[in-house]
Each structure stands twice: as C-alpha cells, then as structure tokens.
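S.K.: Take a look at this one; I'll ask things after.
The values are calculated or read from the model by the stated rules, or taken from the named source; none is laboratory data. Quick caveat: nothing in here was measured; it's all calculated off a predicted structure. Note that each Cβ is placed from the backbone with ideal geometry, even for glycine, and that neighbours are counted across all protein chains shown. What goes into the accessible areas is simple: the full protein's heavy atoms, side chains included, and nothing from ligands, DNA or RNA. Shrake-Rupley method; radii C 1.70, N 1.55, O 1.52, S 1.80 Å.
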Amino acid sequence: MREVVWLGDSKKRLKAFPKDVQKSMGDALAAAQFGRTAENVKPFKHVGSGVFEIVERYKKNAYRMVYAVQIGEKIYVLHAFQKKSKAGIATPKPDIDLINQRYKQAQELAEDEEE
C-alpha cells in the first residue's frame with residue numbers, strides 16, 4: 001500500500017466536503033494506494049501523465065480531488081475543490097495553476113526523498 005502525501009490545504013478542503021463525497025473520494029484514493037483505478041477517476045490532462053482526478057457529483061454540485069501517482073513511491077494529493085466553473089465543464093484556471101504549482105512541489109519532495 002502506497003503512502004499518501006497531502007499538499008497544501010487539500011486535506012482540509014476534502015474534510016469540508018459533504019460526508020458522502022468524502023467517503024467516495026476516500027474509497028477512490030484507497031483504490032489508488034493499491035494500484036487500482038476507481039470508476040469515478042479520470043486522467044487530469046492539464047498537468048502531465050500520471051495525474052488523475054476523482055470526480056464526484058452530489059446534490060447538483062461538482063467536487064474534484066486531483067492526485068499524482070507517478071512521482072516516486074508515494075501518492076501526492078495536489079488539490080481538492082468544489083468546481084464552480086462559469087465555462088461549462090472546464091476546470092477554472094486558478095485551480096489548474098495551483099495544481100501545476102503543487103505538482104512541481106511533489107516532484108521536488110520525491111527527489112529529496114531519493115537522495
């Protein structure tokens with residue numbers, strides 16, 4: 001089972017989601033720890049390979065959690081957010097920018113651990 005590293009406020013944000021959403025996302029993340037992919041997971045195309053997004057709809061709201069699996073030995077949770085896009089299904093640019101920033105941070109952490 002792979003260890004999970006929470007970057008920034010991603011764990012705090014997840015804890016603010018409705019309980020059913022927390023459970024679904026937790027189950028999907030647990031599947032990733034064992035090398036499996038849950039049904040509500042899809043590739044997150046805005047960063048790089050090995051980055052996935054857990055997608056959950058709940059009472060007309062959309063929730064997302066983005067994590068990276070191909071950086072070192074650990075799984076890095078990069079961001080958790082309630083999607084409030086004004087442009088349909090597109091992920092808002094501030095969220096993409098934050099995910100990119102945390103992806104670079106995860107790469108640095110993984111490199112430090114290898115040394």
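S.K.: Answer yes if at least one residue in the range 89-103 is β-branched (Val, Ile, Thr), part of a strand (DSSP E or B) and within 12 Å of the chain's Cα centre (by Cα), and no otherwise.
M.R.: Our first condition is that a residue be β-branched (Val, Ile, Thr); within the range 89-103, this holds for 89, 91, 96, 99.
Still in the running and part of a strand (DSSP E or B): none.
Checking the range 89-103: not a single residue is β-branched (Val, Ile, Thr), part of a strand (DSSP E or B) and within 12 Å of the chain's Cα centre (by Cα).
S.K.: Checking the structure you have, find out if any residue of the range 72-80 is in contact (Cβ under 8 Å) with a residue 60 or more places away in the chain, under 19 Å from residue 107 (Cβ atoms) and of a type in the set (Lys, Arg).
M.R.: Yes.
S.K.: So, one more: Within the group 25, 1, which residue is without any contact (Cβ under 8 Å) to a residue 60 or more places away in the chain, under 25 Å from residue 110 (Cβ atoms) and under 14 Å from the mean Cα position of the chain (by Cα)?
M.R.: Every option except 25 fails the conditions.
S.K.: Suppose the filter is of a type in the set (Ser, Thr, Tyr) and open to solvent by 10 Å² or more (accessible area, probe 1.4 Å); does residue 58 pass it?
M.R.: Here the answer is yes, as residue 58 does meet what is asked.
S.K.: Would you be able to tell me the number of residues in the range 28-53 that are open to solvent by 30 Å² or more (accessible area, probe 1.4 Å), without any contact (Cβ under 8 Å) to a residue 40 or more places away in the chain and under 18 Å from residue 74 (Cβ atoms)?
M.R.: Qualifying residue count for the region: 7.
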